[in-house]
Amino acid sequence: QQQVKQSPQSLIVQKGGISIINCAYENTAFDYFPWYQQFPGKGPALLIAIRPDVSEKKEGRFTISFNKSAKQFSLHIMDSQPGDSATYFCAASMSEKGNMLTFGGGTRLMVKP
Amino acid sequence: EPEVTQTPSHQVTQMGQEVILRCVPISNHLYFYWYRQILGQKVEFLVSFYNNEISEKSEIFDDQFSVERPDGSNFTLKIRSTKLEDSAMYFCASRRQGQEGNTIYFGEGSWLTVV
């Protein structure tokens with residue numbers, strides 16, 4: 001019940017295209033859903049996050065769509081750039097558990113020039 | 001911009017040896033975490049620490065692991081008797097208190113290789 005499932009495992013997108021990564025969770029006690037970006041040899045860096053009372057959040061080229069009833073959320077990267085090539089992790093946490101993050105399996109994104 | 005700093009960046013150790021990984025969390029943060037990432041896999045939670053005690057720990061965090069905040073700035077992870085399967089990147093993370101403090105900031109990681 002603590003799992004967060006992420007798909008696809010890898011994604012290749014042309015420059016300027018839209019990258020879409022999906023995540024699903026089981027535990028309805030999760031109340032915070034961040035996306036992290038990780039470059040090789042680096043730590044995860046927060047990209048954007050959403051709470052379940054909001055269905056969409058946009059920051060620049062990055063948008064989270066959240067479907068509470070389906071227990072799914074997704075990351076959309078508009079106008080994808082080669083510099084976006086990285087591994088993306090969705091995660092979920094709950095306040096009652098000290099906000100510890102449960103990560104999805106990760107998506108390796110490659111944006112081709 | 002304040003950041004979580006970790007040392008060493010890479011350590012190679014013999015199986016059975018003790019290892020201490022060090023972290024300096026962001027200065028006004030009150031919650032501290034250790035996560036690990038085995039090569040090519042997802043990031044896994046190990047332990048969270050608040051108010052000088054462990055608040056949550058995963059089943060990975062068994063008796064060979066311990067954490068300590070020896071002074072006002074450092075946060076350490078000790079692995080008492082390392083095993084080959086402990087080889088991983090270990091990330092320290094921290095966050096501040098309060099409703100707006102959900103964001104967890106990660107360090108660059110300490111890569112541990114057990115041989």
Open item on the list: Of everything in region A:82-92, what is farther than 17 Å from A:SER65 by Cα and in contact with a Leu (Cβ under 9 Å, 6 or more places away or on another chain)? Give them in sequence order.
Closed with: A:ASP84, A:SER85, A:ALA86, A:THR87
TODO: Kindly provide the set of residues from region A:87-113 that are touching a helix residue (DSSP H, G or I) at 6+ places or on another chain (Cβ under 8 Å), at negative phi and crowded, with 17+ Cβ neighbours inside 10 Å, ordered by number.
DONE: A:SER93, A:LEU109, A:VAL111
- [ ] Give the number of residues within region B:73-115 that are within 13 Å of chain A (Cβ to nearest Cβ), of a type outside the set (A, V, I, L, M, F, W, C) and open to solvent by less than 50 Å² (accessible area, probe 1.4 Å).
- [x] 10
TODO: Answer yes if at least one residue in region A:26-34 is assigned to a strand (DSSP E or B), of a type outside the set (Lys, Arg), surrounded by fewer than 18 Cβ atoms within 10 Å (Cβ to Cβ) and in contact with a strand residue (DSSP E or B) (Cβ under 7 Å, 6 or more places away or on another chain), and no otherwise.
DONE: no
Open item on the list: Step by step: first the residues of region B:59-72, then only those that are of a type in the set (D, E, K, R) and farther than 18 Å from A:THR102 by Cα, then the one that is farthest from the other protein chains (Cβ to nearest Cβ). Which residue is that?
Closed with: B:ASP71
Open item on the list: Take the conditions within 14 Å of another protein chain (Cβ to nearest Cβ), among the charged types (D, E, K, R) and out of contact with any helix residue (DSSP H, G or I) (no Cβ under 9 Å at 6 or more places or on another chain) and apply them to A:LYS68. Does it pass?
Closed with: no
Task: Sole exception among (1) out of contact with any Pro (no Cβ under 8 Å at 6 or more places or on another chain); (2) open to solvent by less than 20 Å² (accessible area, probe 1.4 Å); (3) within 29 Å of B:GLU56 (Cα to Cα); (4) not in a strand (DSSP E or B) for A:SER80, by number - done: (3)
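The values are calculated or read from the model by the stated rules, or taken from the named source; none is laboratory data. Keep in mind it's a predicted model, so treat the numbers as computed, not measured. Cβ sites come from the backbone with ideal geometry, for glycine too, and all protein chains shown count toward neighbours. Surface areas here come from the heavy atoms of the whole protein model, side chains and all, with no ligands, DNA or RNA. Shrake-Rupley method; radii C 1.70, N 1.55, O 1.52, S 1.80 Å.
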